[in-house]
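This is the structure I want to talk about, given as structure tokens.
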Amino acid sequence: MHRLPAGLFPDSPRGERVRFTLDGRSLEGYTHESLAAAILAAGNTALSRSLRFHRPRAVFCATGECGWCAMEVDGVPSTPACTVPCRDSLVARSENAWPSARRDVLAPLDLLSPLLPYSFFHRRLLRPRSLRQLYLRLLRRFTGLGRLGESPRSVAGLRTTGGPTRTRVVAETEVGVVGGGLAGLSAAVAAGECGARVILLDDRATLGGGWLDRPDGWEHVRDLRRRLEELPTVACWPRALCVGLYPPRTLGVVTPDRLVALRVHQVVLAPGALDTVPLFVDNDLPGVISARLVARLLVREGLAPGTRAVVWGTPTLGDRVSSLMARAGIETVRRLGDGEAIVAARGRGRVEGAVVRQPDGSTRTVACDLIVIAALEPRHEILTQAGAEVQWDAAFGPIPVRDRFLATTLPGVFLAGEAAGPADAARCLAEGRLAGLAAARAAGRGIGSEIALLAPQLARLPPEPAVVFPTRSAGGAGHVCFCEDVREREIRAEMARGYRAPELVKRRTGVLTGPCQGKFCLPNVLRVIGPGFAAPTSRPPAKPVRLGELAVTEHG
């Protein structure tokens with residue numbers, strides 16, 4: 001990763017130079033960069049090591065939820081480094097690695113991975129009984145993703161991220177909108193223009209989400225934010241995390257100073273999408289990265305993650321990121337089309353090439369240092385937690401069921417934008433407006449004339465092209481669960497023993513149980529298992545929260 005010349009992307013911020021510490025070494029970064037980007041720009045290739053086999057991990061997603069870049073930051077364990085702004089005197093340490101993620105003495109465990117199935121630890125290390133406690137202590141050392149510190153700096157860091165300082169309140173509004181991307185902003189504006197009382201929730205500090213990094217989106221974001229400021233009945237809550245939807249139509253919300261039970265008459269869910277990791281060998285190598293994160297690094301942080309890229313995914317998102325990379329001097333050496341797929345990543349410690357299967361079945365190795373995945377999967381955890389009906393789609397995995405007015409199978413709950421499947425800016429704007437108008441009308445505000453016009457117009461919009469990812473990897477060596485280091489062959493071994501249902505596979509292998517809450521492995525788990533099985537039930541919170549963030553003042 002290297003820094004780009006100033007002015008290449010004129011709207012990119014430029015911060016001040018600062019110094020921070022990583023594993024005892026002093027490094028240099030800039031305040032407009034994330035901690036993860038600053039570390040990688042300093043010449044490092046790994047930020048952390050994986051749980052079981054201590055494989056090197058860098059960055060992948062654009063949301064901070066994949067867990068690949070989890071580090072101890074100012075004494076606070078398991079902090080996504082891609083969400084932490086680089087600042088002066090910051091102290092960071094690698095997790096699950098010794099002495100550092102660059103040179104981990106347990107890295108050879110990856111070579112022994114075929115001999116260490118998931119069940120090895122709790123089925124073999126039982127005898128002699130007198131050594132069980134020693135085994136447990138060793139396992140904690142090998143697989144400890146984060147440790148609570150006892151230094152004053154650690155305690156201070158924990159207090160800033162969560163503690164008994166919040167108050168518990170109950171609030172009410174007519175329309176609650178979850179998500180501050182294009183669809184959420186459009187829904188809030190539409191409902192507000194009908195006179196409905198609206199509260200817009202977004203867990204980021206700035207409304208707009210990933211659309212701020214996209215040329216086709218940031219102008220719309222700017223316009224919608226201006227219109228929101230002119231609506232007296234709309235309140236925006238940034239840095240407000242919606243952790244779940246509870247009956248009767250109550251949103252659980254965690255803000256920096258309050259724990260809120262938000263009672264809503266109607267709900268518009270627009271939480272966006274997650275980045276997809278397809279199934280291929282070494283799909284977790286540093287250098288495998290999502291298209292949205294590439295866009296964020298280029299546009300917002302002024303950093304180029306590589307020089308030669310292979311792009312695999314949907315045409316719209318793939319073309320967009322290829323165009324941005326071309327402006328930054330990154331060559332797209334291969335843009336995969338129909339019938340092509342990546343079989344394996346090549347490289348020691350980071351991507352040095354990609355093995356591509358061509359339409360005729362032959363393979364070819366392409367030299368590159370980036371494998372860019374341009375595909376998204378809908379976010380539906382809040383809906384499925386509440387019991388909404390979903391259906392299986394071969395390209396996108398589980399998709400929530402909606403009617404022509406975007407109402408889900410839950411009464412009073414509407415779904416808009418990328419949370420219902422891939423969507424460009426025009427579709428997100430249209431779906432957000434339709435959902436906002438429908439929610440306002442159901443809350444007793446507005447009229448249905450525009451709704452009657454919008455619904456058929458939306459139905460005529462062309463759907464986003466899709467890419468169907470493979471259901472098998474070479475030798476079953478592809479990673480399905482990155483948090484728990486579960487490979488495809490381990491899942492198929494349990495299926496051969498008769499454990500085919502997702503809940504049974506989950507208990508037998510540990511898949512879907514990691515810090516990402518199964519979000520990044522669920523589509524591949526369902527692809528491997530095959531159709532005919534319902535996905536495991538998601539449970540709140542929708543995103544991980546620290547226990548301290550749920551503590552309120554009255555409990556002391």
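Can you name every residue in the range 34-48 that is part of a helix (DSSP H, G or I) and either small (Gly, Ala, Ser) or surrounded by fewer than 24 Cβ atoms within 10 Å (Cβ to Cβ) (or both)?
Taking the range 34-48 as the starting set, the residues that turn out to be part of a helix (DSSP H, G or I) are 35-41.
36, 37, 38, 41 - these are the residues of the range 34-48 that are part of a helix (DSSP H, G or I) and either small (Gly, Ala, Ser) or surrounded by fewer than 24 Cβ atoms within 10 Å (Cβ to Cβ) (or both).
Pick from 78, 50: which is under 20 Å from the mean Cα position of the chain (by Cα), of a type in the set (S, T, N, Q) and closer than 18 Å to residue 287 by Cβ?
Numbers: 78 fails: closer than 18 Å to residue 287 by Cβ.
The conditions single out 50.
Follow-up question, since we're still on this one. Considering each residue of the range 1-34, count those that are under 19 Å from residue 71 (Cα atoms) and of a type in the set (Gly, Ala, Ser), and give that number.
Result for the range 1-34: 4.
Only one of 191, 205 is in contact with a helix residue (DSSP H, G or I) (Cβ under 6 Å, 6 or more places away or on another chain), modelled with pLDDT under 95 and closer than 28 Å to residue 170 by Cβ. Can you tell me which? So that I can check it myself, show each step before the final result.
Details: 205 fails: in contact with a helix residue (DSSP H, G or I) (Cβ under 6 Å, 6 or more places away or on another chain).
So the residue among 191, 205 that is in contact with a helix residue (DSSP H, G or I) (Cβ under 6 Å, 6 or more places away or on another chain), modelled with pLDDT under 95 and closer than 28 Å to residue 170 by Cβ is 191.
Within the range 516-535, identify whether any single residue is buried (at least 16 other Cβ atoms within 10 Å of the Cβ), more than 28 Å from residue 281 (Cβ to Cβ) and not small (Gly, Ala, Ser), and answer yes or no.
Checking the range 516-535: not a single residue is buried (at least 16 other Cβ atoms within 10 Å of the Cβ), more than 28 Å from residue 281 (Cβ to Cβ) and not small (Gly, Ala, Ser).
Kindly check whether there is at least one residue in the range 483-504 that is touching a residue at least 12 places away in the same chain (Cβ under 8 Å), within 30 Å of residue 416 (Cβ to Cβ) and touching a Cys at 6+ places or on another chain (Cβ under 8 Å).
Taking the range 483-504 first, the residues touching a residue at least 12 places away in the same chain (Cβ under 8 Å) are 483-495, 500-503.
With within 30 Å of residue 416 (Cβ to Cβ) added as a condition, the list becomes 483, 502.
Checking the rest, the ones that are also touching a Cys at 6+ places or on another chain (Cβ under 8 Å) come to 483.
Within the range 483-504, one or more residues are touching a residue at least 12 places away in the same chain (Cβ under 8 Å), within 30 Å of residue 416 (Cβ to Cβ) and touching a Cys at 6+ places or on another chain (Cβ under 8 Å).
Restricting to the range 80-93, name every residue that is surrounded by fewer than 23 Cβ atoms within 10 Å (Cβ to Cβ) and either among the polar types (S, T, N, Q) or part of a loop (DSSP other than H, G, I, E, B) (or both).
Across the range 80-93, the qualifying residues are 83, 84, 87, 88, 89, 90.
Here is a follow-up. Of the residues that sit in the range 288-337 and are among the acidic types (Asp, Glu) and surrounded by fewer than 24 Cβ atoms within 10 Å (Cβ to Cβ), which one is nearest to residue 14 (Cα to Cα)? Full working, then the answer.
Quick first cut of the range 288-337, residues among the acidic types (Asp, Glu) only: 301, 319, 331.
Among the residues that remain, those that are also surrounded by fewer than 24 Cβ atoms within 10 Å (Cβ to Cβ) are: 319, 331.
Details: 319: 27, 331: 25 Å.
My answer is 331.
Here are 367, 345, 354: which of them is of a type outside the set (Val, Ile, Thr) and either at pLDDT below 95 or surrounded by fewer than 17 Cβ atoms within 10 Å (Cβ to Cβ) (or both)? Full working, then the answer.
Numbers: 345 fails: either at pLDDT below 95 or surrounded by fewer than 17 Cβ atoms within 10 Å (Cβ to Cβ) (or both); 354 fails: either at pLDDT below 95 or surrounded by fewer than 17 Cβ atoms within 10 Å (Cβ to Cβ) (or both).
Answer to the selection: 367.
Take residue 385 and decide whether it is touching an Asp or Glu at 6+ places or on another chain (Cβ under 7 Å), surrounded by fewer than 22 Cβ atoms within 10 Å (Cβ to Cβ), modelled with pLDDT under 95 and not hydroxyl-bearing (Ser, Thr, Tyr).
Values: touching an Asp or Glu at 6+ places or on another chain (Cβ under 7 Å): no; surrounded by fewer than 22 Cβ atoms within 10 Å (Cβ to Cβ): yes; modelled with pLDDT under 95: yes; not hydroxyl-bearing (Ser, Thr, Tyr): yes.
Criteria not met by residue 385.
Quick check on the range 1-8. Is at least one of its residues assigned to a loop (DSSP other than H, G, I, E, B) and within 26 Å of residue 282 (Cα to Cα)?
Residues of the range 1-8 assigned to a loop (DSSP other than H, G, I, E, B): 1, 4-8.
Of the ones still in play, those that are also within 26 Å of residue 282 (Cα to Cα) are 1.
Within the range 1-8, one or more residues are assigned to a loop (DSSP other than H, G, I, E, B) and within 26 Å of residue 282 (Cα to Cα).
Which of the residues spanning the range 380-416 are touching a His at 6+ places or on another chain (Cβ under 9 Å) and not in a strand (DSSP E or B)?
Once the filter is applied, which keeps residues that are touching a His at 6+ places or on another chain (Cβ under 9 Å) and not in a strand (DSSP E or B), the range 380-416 yields 388, 412.
Can you tell me which of 432, 475, 514, 436 is touching a residue at least 40 places away in the same chain (Cβ under 8 Å), part of a helix (DSSP H, G or I) and either touching a Lys or Arg at 6+ places or on another chain (Cβ under 7 Å) or more than 29 Å from residue 402 (Cβ to Cβ) (or both)? Don't jump to the end; show me each part of the working.
Numbers: 432 fails: either touching a Lys or Arg at 6+ places or on another chain (Cβ under 7 Å) or more than 29 Å from residue 402 (Cβ to Cβ) (or both); 514 fails: part of a helix (DSSP H, G or I); 436 fails: either touching a Lys or Arg at 6+ places or on another chain (Cβ under 7 Å) or more than 29 Å from residue 402 (Cβ to Cβ) (or both).
Sole residue among the options that is touching a residue at least 40 places away in the same chain (Cβ under 8 Å), part of a helix (DSSP H, G or I) and either touching a Lys or Arg at 6+ places or on another chain (Cβ under 7 Å) or more than 29 Å from residue 402 (Cβ to Cβ) (or both): 475.
I would also like to ask the following. Quick test for you: out of 132, 159, 123, 153, pick the one residue that is surrounded by fewer than 16 Cβ atoms within 10 Å (Cβ to Cβ), modelled with pLDDT of 75 or more, charged (D, E, K, R) and in a helix (DSSP H, G or I).
Sole residue among the options that is surrounded by fewer than 16 Cβ atoms within 10 Å (Cβ to Cβ), modelled with pLDDT of 75 or more, charged (D, E, K, R) and in a helix (DSSP H, G or I): 132.
For the range 264-357, give me every one of the strands (runs of 3 or more DSSP E) that falls completely inside it and has 2 or more residues that are within 20 Å of the chain's Cα centre (by Cα) and under 15 Å from residue 62 (Cα atoms). Show your work before the answer.
On the way: elements: 273-275, 288-290, 308-313, 331-335, 341-346, 353-357.
Qualifying strands (runs of 3 or more DSSP E): 273-275, 288-290.
As an exercise: evaluate residue 468 against (1) assigned to a helix (DSSP H, G or I); (2) among the β-branched types (Val, Ile, Thr); (3) surrounded by fewer than 16 Cβ atoms within 10 Å (Cβ to Cβ) and give the number of the one condition it does not meet.
That leaves (1) as the condition not met.
Quick check on my filter: what residues within the range 439-457 are under 18 Å from residue 188 (Cβ atoms) and not in a loop (DSSP other than H, G, I, E, B)? Walk me through it before giving the result.
Taking the range 439-457 as the starting set, the residues that turn out to be under 18 Å from residue 188 (Cβ atoms) are 439-446, 450-451, 454.
Answer for the range 439-457, where residues must be under 18 Å from residue 188 (Cβ atoms) and not in a loop (DSSP other than H, G, I, E, B): 439, 440, 441, 442, 450, 451, 454.
The values are calculated or read from the model by the stated rules, or taken from the named source; none is laboratory data. Remember, predicted model here, so these are calculated numbers, not experimental data. Reconstructed Cβ throughout: ideal geometry from the backbone, glycine too, with neighbour counts over all protein chains shown.
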